[in-house]
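A.B. asks: Here you go, one structure.
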Amino acid sequence: VLTLPLLWIGLLFNLQSCFVSLPQATIGAVAGYLCLWCLFWLFKLLTGKDALGYGDFKLLAALGAWLGWQALPHVVLLAAISGLLFAFVQRGGAKKDLNQPLAFGPWLALAGVANMLLFQGI
C-alpha cells in the first residue's frame, strides 16, 4: 500500500535532483524492481518455491527511486547480511527451522534508511 506512493514521491523529489538526478532515480526504480523480480523467477524455476514477495520488488524499486541505481547493490547487500545475521541469532545458530521464512522487506527498509543517512548527507 505504501510502496508505490513512496516510489512516486522519490521520483518527484528527484525532479529537482534532491538526492540523485531524475535519470538515475528512474533507472534505480526499474533496476530495483527487475533485480528482485529476476531473482524470484530464477529461484522459482530452479526450486518450484517462492523466495520473495512482490512487496519486496516494489520496495526496492522505491528505494531505487530515492537513492538511484548506484545505491542498490549496497542496499541489497546490507539487507541480506542484516537479515541473515538476525536469523542466525534468533535461531541460536542451530540448523533447525531452516525452512522457516524470513521477511526481507524490513531489512530492505532498514538498509535503505542506513544508506540515506550515511551516504546521502541527510
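A.B. asks: So how far apart, in nm, are the two label points at Gln100 and Leu117 if each is 7 Å from Cα heading toward Cβ?
C.D. replies: In this crude label model, Gln100 to Leu117 measures out at 2.7 nm.
A.B. asks: Based on DSSP loop calls and a cut-off of at most 11 other Cβ atoms within 10 Å, the longest stretch of the chain free of exposed trypsin sites (Lys or Arg not before Pro) is what? Please list the in-between numbers first.
C.D. replies: On the way: sites that count: Lys49, Lys95, Lys96.
It works out to 1-48.
A.B. asks: Counting helices only, and only those DSSP H runs with n ≥ 4, report the 222 nm mean residue ellipticity of the chain as the sum of -39,500 (n - 2.57) divided by its residues, in deg cm²/dmol to the nearest 500.
C.D. replies: Details: 5 runs with 85 residues, N = 122.
Here the helix-only value at 222 nm equals -23500 deg cm²/dmol.
A.B. asks: Test of understanding: what is the full-extension gain from Phe43 to Leu22, defined as 0.36 nm times their sequence separation minus their Cα-Cα distance? Don't skip to the end; give the middle numbers.
C.D. replies: Details: separation 21, 0.36 × 21 = 7.56 nm, distance 3.17 nm.
Net length gain for the segment: 4.4 nm.
A.B. asks: If you don't mind, another one. Got a sec? Charge dipole of the chain, +1 on Cβ for Lys and Arg, -1 for Asp and Glu; which of Gly105, Leu46, Ile27 is way out at the positive end?
C.D. replies: About the Cα centre, the residue reaching furthest to the positive side is Leu46.
A.B. asks: Let me ask something additional. How big is the Cα convex hull of the chain in projection, averaged over all directions, in nm²? Numbers along the way, then the final one.
C.D. replies: On the way: hull surface 31.4 nm².
Convex hull of Cα atoms, orientation-averaged projection: 7.9 nm².
A.B. asks: Could you work out how far apart the two model spin labels at Tyr54 and Leu12 are, taking each label as a point 7 Å from the Cα in the direction of the beta carbon, and quote it in nm?
C.D. replies: 2.4 nm
Where a number appears in this text, it was derived from the coordinates with a stated rule and is not lab data. If you're wondering where the values come from, they're calculated on a predicted model, not measured in any experiment. We place every Cβ from the backbone using ideal geometry, glycine too, and count neighbours over all the protein chains shown.
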